[in-house]
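First the structure, in the form of structure tokens, and then the observations on it.
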Amino acid sequence: MDSTNLHVLLVVFFATLIRSTFGFGEGLIAVPLLALSLPIEVAAPVVVLLSITISALVVAQDWRKIHLRSTGWLLAPTFLGIPLGIALLTSTHQHLVKAALAILILAFSGYFLLGKKPPRLHDDSRRWLLGCGFLAGVLGGAYGMNGPPLVVYGAMRRWSPQHFRATLQGYFLPASIVALAGYWLAGLWVPPVTHFYLISLTVALPAIFLGRAVNQRLRGEAFIKYVHLGLFCVGVLLLIQAARHR
């Protein structure tokens with residue numbers, strides 16, 4: 001096995017384990033790390049194909065734990081936000097948008113981790129659902145990063161680890177299929193994408209089931225703290241990326 005294939009397998013295993021355990025995060029980990037050895041136009045479609053695979057398996061395993069109403073209200077505005085995200089992708093101010101997002105994530109998660117009374121929604125809020133869904137669409141169109149707004153909403157609703165994981169995958173499955181269709185229409189689904197996706201399955205499938213086992217052991221407030229710690233790390237990485245691409 002050559003070094004490129006080995007690197008891809010290691011990155012995919014770690015990123016898939018994170019996604020299967022917490023329900024989000026593999027895109028931010030996998031795309032930049034895979035881009036160290038693969039062209040970005042190959043890495044991004046591979047990650048989207050893996051996202052579809054992970055989501056499909058999680059939904060098949062735990063569909064009863066999906067908050068269907070919340071998923072629907074998050075998805076609808078997502079598709080409206082994607083065109084704006086694509087417009088941002090072609091703009092000259094990407095680093096400012098990314099820096100602003102990073103600061104918002106750091107402020108929210110930092111307040112949760114350090115504050116005495118972190119924000120909480122006791123019931124579904126249509127305003128929050130529409131806002132988070134739209135922002136997820138914008139970020140997905142611009143950077144392939146739908147996750148942070150969805151995680152913020154799930155954290156405020158205090159979903160259990162199992163409902164958190166399942167509901168996010170119920171969202172990511174159709175959203176990733178739409179993204180893959182976009183890559184296909186743009187001519188980016190090329191033979192190397194299929195090759196690296198197929199070899200990635202050898203480590204992604206075990207990681208999905210291992211992540212589910214870890215997720216089943218997580219409980220309540222401890223899980224929410226892990227989620228916000230993960231979000232905080234996402235914010236730091238985004239800020240670093242924004243600073244590098246000024």
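The values are calculated or read from the model by the stated rules, or taken from the named source; none is laboratory data. Everything quoted here is computed from the prediction, not taken from an experiment. As a convention, Cβ positions derive from the backbone with ideal geometry for all residues, glycine included, and neighbour counts pool all protein chains shown. These accessible areas exclude ligands, DNA and RNA; they are computed on the full protein's heavy atoms, side chains included. Shrake-Rupley method; radii C 1.70, N 1.55, O 1.52, S 1.80 Å.
Name the residue, out of 186, 243, that is open to solvent by 50 Å² or more (accessible area, probe 1.4 Å), more than 27 Å from residue 70 (Cα to Cα), free of Cβ contacts under 8 Å to residues at least 24 places away in the same chain and out of contact with any Phe, Trp or Tyr (no Cβ under 6 Å at 6 or more places or on another chain).
186
Could you please find all residues in segment 147-164 being over 21 Å from residue 238 (Cβ atoms) and part of a helix (DSSP H, G or I)?
Hits for segment 147-164 are 157, 161, 162, 163, 164.
Cβ-Cβ distance below 6 Å, separation of 6 or more or different chains: which pairs start in segment 149-173 with a residue that is closer than 12 Å to residue 58 by Cβ and end on one that is of a type in the set (Asp, Glu) and in a helix (DSSP H, G or I)?
Within 6 Å, the pairs are 166/62.
If you take the residues in segment 141-160 that are open to solvent by 20 Å² or more (accessible area, probe 1.4 Å) and of a type outside the set (Phe, Trp, Tyr), which one is modelled with the highest pLDDT?
Among those residues, the one meeting the criterion is 157.
Evaluate the following for residue 97: is it surrounded by fewer than 22 Cβ atoms within 10 Å (Cβ to Cβ), more than 13 Å from the chain's Cα centre (by Cα) and modelled with pLDDT of 80 or more?
No: the conditions fail for residue 97.
Cβ-Cβ below 7 Å, separation at least six or inter-chain, first residue in segment 27-51 and more than 16 Å from residue 230 (Cβ to Cβ), second polar (S, T, N, Q) and surrounded by 20 or more Cβ atoms within 10 Å (Cβ to Cβ): which pairs?
46/200; 48/176; 50/16; 50/200; 51/176
Here are some conditions: (1) buried (at least 18 other Cβ atoms within 10 Å of the Cβ); (2) within 26 Å of residue 14 (Cβ to Cβ); (3) over 15 Å from the mean Cα position of the chain (by Cα). Residue 44 meets all but one. Which one does it not meet?
It fails just one condition, (3).
Please go through (1) buried (at least 20 other Cβ atoms within 10 Å of the Cβ); (2) modelled with pLDDT of 85 or more; (3) more than 19 Å from residue 181 (Cβ to Cβ) for residue 57 and return the number of the only condition it doesn't satisfy.
Tallying (1) buried (at least 20 other Cβ atoms within 10 Å of the Cβ); (2) modelled with pLDDT of 85 or more; (3) more than 19 Å from residue 181 (Cβ to Cβ), residue 57 fails exactly one: (1).
For segment 1-109, which helices (runs of 4 or more DSSP H) that fit wholly inside it have 2 or more residues that are charged (D, E, K, R)?
Of the helices (runs of 4 or more DSSP H) lying wholly inside segment 1-109, those with at least 2 residues that are charged (D, E, K, R) span 40-62.
When you check residue 111 against the structure, is it open to solvent by 40 Å² or more (accessible area, probe 1.4 Å), in contact with a Pro (Cβ under 8 Å, 6 or more places away or on another chain) and modelled with pLDDT under 75, yes or no?
Spelling it out, residue 111 is indeed open to solvent by 40 Å² or more (accessible area, probe 1.4 Å), in contact with a Pro (Cβ under 8 Å, 6 or more places away or on another chain) and modelled with pLDDT under 75.
Answer yes or no: is there a residue in segment 122-132 that is open to solvent by less than 80 Å² (accessible area, probe 1.4 Å), farther than 30 Å from residue 45 by Cα, at pLDDT 70 or above and in contact with a helix residue (DSSP H, G or I) (Cβ under 7 Å, 6 or more places away or on another chain).
yes
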